[in-house]
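In what follows, a single structure is set out as structure tokens and then discussed.
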């Protein structure tokens, strides 16, 4: 019996190392689904929403560095993939999305569930093509997968349902996917110029992003030679923070005053592998040098003294012999002292654990950091949960931290945890969920139960869209429609067949976390955190202070005296940061 296109595709996916497909089957996907069932080597992970499929695949690709696969059937299935694919694409995750489609003779007729995949996926993929004949299918699939792994992003392979049933034809291309690793080093002249600048600069600060992953020894050697403090972005934290005596933390909306100070008091700022988007947090009167493996990113966030195209590990290895070690360390020591002072302030939020149903989220995050294994994978929702993870979850050199750091979408933590648990079953996977984010993805608690994934789901339940509330308040607006009328998440988890526990007292937090992390299977902890806890950015502008004051005044004028008082009580410690 002749091999079908669907069977051929399964064969090619196996050869490329694809181990699972995250999808909701149906209609145009059914023949591919059946081919996978009969083959028996690739898992079909039945998620409850295609957005979850794309997020899970993106998490798998980021953790393994290999291609991961998701799929959506024609029409709505395509649209549901979009948000997760945007996140994967912007995160540099090599993801293959199989977009099955309506019967090919019906293209352009306005047929039921017809979508134009070229327009739909254009902005969130490097490759998007539709195979309309059996001869095209293997070649297009190979090109899609090769594009995904080579350019580190999303590739979309369109497959009409009728084509998947047809007899396969031999493709004209290789059946393999070539995952190669290469280093890029700037020219000797550019390196000499950079070394001259660094050697003449008295106060250098280094700031690292995710592009610096894998270059930890070289970064430490360079920082020691230059007597330079080292800051990092949220995505770069796990790669840079550990065993780093020169670290001064993060900057940006989630960061700390120490990193901001070190960057603004240097006479030279060296950006390594970062596309840090928050330009207000970058200095505008300091010489800036940027090194990045993607040359198109050079200079788009700051005016550069020099921009170099290079991978960080290889570039620093070539640069280090040209550096003249500095003997004066006054700048570094001052920044270290400031960082120590900032850390002391952060601990004041941890030692005060809060009260009943108002558990301080900082205390919860610090407890998770202390109790989680040194090789844990953390997934973190966008919003206030991101703030607590950024400030209190520490790097060990073996931990991983995934979030929607570039796309900034809500509801990413649970789907990413699914992908992480499947591709790294030997590691603890901890999903740090906001109540707003979890509310969007509760259906996929069923996926966790169905596949018995040992995900520890920690819900920071502050009964509000906390980050949005803060945004409104600093803009001088009273928060409006940010309150969350939540279900009992513990009971909801139990309804899905998962152990669910609500924690409302601070003195039960560590015990509950220890119990959850010690369980072999999934657990959901619904922790009732303080809804009035605020996260101050590293640099507080006068306009933000005025905005907060105006917001509180408007609330009082509207009779919301209790909310104003609770906000003041919960955040009185921030007064230190304004002094």
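Each value in this text was obtained by applying a stated rule to the coordinates, not by laboratory testing. This is a predicted model, so every value here is computed, not measured. For neighbour counting, all protein chains shown are included, and Cβ atoms are generated from backbone atoms with ideal geometry for every residue, glycine included.
A few notes on this one:
- Semi-axis lengths, Å, the chain, gyration tensor of Cα atoms, sqrt of 5 times eigenvalues: 41, 33, 21
- Computed over region 160-205, the convex hull of the alpha-carbon atoms projects to a mean area of 8.0 nm².
- For region 149-277, the mean projected area of the C-alpha convex hull, equal to one quarter of the hull surface, is 12.5 nm².
- Rounded tilt (10° steps) of 561-571 against the dominant C-alpha axis of the chain: 80 degrees
- FRET efficiency estimate (nearest 0.05) - Cβ-Cβ, residue 426 to residue 224, R0 45 angstrom: 0.85
- For region 188-338, the Kirkwood hydrodynamic radius comes to 14.8 Å, computed from all pairs of different C-alpha atoms.
- Anisotropy class of region 1-79 from Cα gyration tensor, a/c 1.5 cut: oblate
- Spin-label pair residue 178-residue 278: with each label point 7 Å from Cα along the Cα-Cβ axis, the two points sit 4.1 nm from one another.
- Stretch gain in nm, segment residue 296-residue 109, where the contour uses 0.36 nm per residue and the Cα spacing is subtracted: 63.3 nm
- For the chain, adding -39500 (n - 2.57) for each run of n ≥ 4 DSSP H residues and dividing by the number of residues yields -12500 deg cm²/dmol at 222 nm.
- As a proxy for reagent exposure, ranking 157, 207, 234, 281 by other Cβ atoms within 10 Å from fewest up yields 281, 234, 157, 207.
- Sorting the Cα pairs of region 5-165 by distance into bins of 10 Å, from 0 upward, gives 13, 47, 36, 4, 0 percent per bin.
- Distance in nm between pseudo-label sites at residue 348 and residue 3 (7 Å out along the Cβ direction from Cα): 6.8 nm
- Once the C-beta distance of residue 193 and residue 170 is scaled by a Förster radius of 60 Å, the resulting FRET efficiency is 0.70 to the nearest 0.05.
- Distance from region 176-252 to region 14-58 (C-alpha centre basis), Å: 39 Å
- Between the Cα long axis of helix 509-518 and the first principal axis of the chain there is an angle of about 30°, rounded to the nearest 10.
- Estimated FRET transfer efficiency (residue 39, residue 394; beta-carbon r; R0 41 Å; 0.05): 0.45
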